[in-house]
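Please read the structure below before turning to the comments.
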Amino acid sequence: MNFDEVDNIVRTALQAMRQGRIGFSVQQVNYVDDHHEVLYSECLAGLLKLDGSVITAGEFLPALEASAYAPELDRCILGLAFEWLSNSACGSLGCNVSSLNFSSGEQRAMLYDQLHRNRSLAPRLVLEITESAPMIEKFGAAELIQDFRKLGYRVAIDDFGTGFWTPEAIFSVAVDIIKIDAFFVQLDGRLNADRLLHHMVGLASCVAPTIVVEGIETYEQLTLARAAGATHVQGYLLSEPPLFPVFRGLAHHAVMGSTTASVLEAPGLTRLSA
């Protein structure tokens, strides 16, 4: 991806945020022993283009991270999540929080202020810390993460085992949930793959009481996650998020379509009234 492509994607995403064309779909985090029981539902960002097509976060988030605009998207999705939670009597959501939010005093202050203003909803929101660069250690984010937890938010480490989430990094931060990257359950029967997943879950269990194995797409993978000692699982086998955003704010609720209704009535989410 060259500079012009990145710049174009960033401008498109920022414009979509200003115009209310960013929303989220959801994917549930399920208990490993009771698939109908939902811990929370992760918000997956989506961008509605002017022509009506949808771009998933995987297509535009890398450009935002490369340009240091990921915190803008995080605050946008957090705002939508708080709006959804404030209009729903039950259900919990999870939102990604890029480590870029810890890169400057201004970014840290904006995120903390947003979370502080909405602290009454904290017990129903999980903050999933994603580390695309080694900023947790570099900027001393451990203290800020503890401030989030003091406000009542649960904090998860996302994609553990890949990227910059090293064992040293997770042992330096007190968190509530660790999510094991999908890589470790999708090794497709390679030699000792089950033992590797077992060791990853065991290591994570030393840090947090709740361990989620991501990327569950088959019953075999579900069995592996259970045998490894995971408490929860997430993946397309049990929860396939729709492409179209299920929530873009109450002002857009009337035009979301039937797909939205079916998702918002799923376990762990309750449908909003118009």
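The values are calculated or read from the model by the stated rules, or taken from the named source; none is laboratory data. Predicted, not measured: the structure shown is a model, and the values here were computed from it. Cβ: placed from backbone, ideal geometry, glycine included. Neighbour counts: every protein chain shown. These accessible areas exclude ligands, DNA and RNA; they are computed on the full protein's heavy atoms, side chains included. Shrake-Rupley method; radii C 1.70, N 1.55, O 1.52, S 1.80 Å.
Quick notes on this structure:
- When 4, 74 are checked against the criterion of being free of Cβ contacts under 8 Å to residues at least 24 places away in the same chain, charged (D, E, K, R) and in a helix (DSSP H, G or I), 4 stands alone in meeting it.
- Checking each residue in segment 181-213 for being open to solvent by less than 10 Å² (accessible area, probe 1.4 Å) and closer than 23 Å to residue 94 by Cα picks out 185, 201, 204, 208, 211, 212, 213.
- Of all residues making up segment 141-154, the number that are among the aliphatic types (A, V, I, L, M) and under 14 Å from residue 121 (Cα atoms): 1
- Applying the condition of being in contact with a helix residue (DSSP H, G or I) (Cβ under 6 Å, 6 or more places away or on another chain), of a type outside the set (Asp, Glu) and free of Cβ contacts under 8 Å to residues at least 60 places away in the same chain to segment 214-236 and asking which residue is most open to solvent (accessible area, probe 1.4 Å) yields 224.
- Inside segment 14-64, residues that are open to solvent by less than 20 Å² (accessible area, probe 1.4 Å) and farther than 18 Å from residue 80 by Cα make up a count of 6.
- Scan of segment 94-122 for residues that are over 10 Å from residue 71 (Cβ atoms), open to solvent by 10 Å² or more (accessible area, probe 1.4 Å) and in contact with a helix residue (DSSP H, G or I) (Cβ under 7 Å, 6 or more places away or on another chain), ordered by number: 96, 112, 114, 118, 121
- Only one entry of 80, 85, 64 meets the criterion of being in a helix (DSSP H, G or I) and within 23 Å of residue 146 (Cα to Cα), and that entry is 85.
- If you go through segment 65-81 and keep only what is open to solvent by 20 Å² or more (accessible area, probe 1.4 Å) and over 12 Å from residue 43 (Cα atoms), you end up with 65, 66, 67, 68, 69, 72, 75.
- Where strands (runs of 3 or more DSSP E) sit wholly within segment 152-232, those with at least 2 residues that are in contact with an Asp or Glu (Cβ under 8 Å, 6 or more places away or on another chain) occupy 154-160, 177-180.
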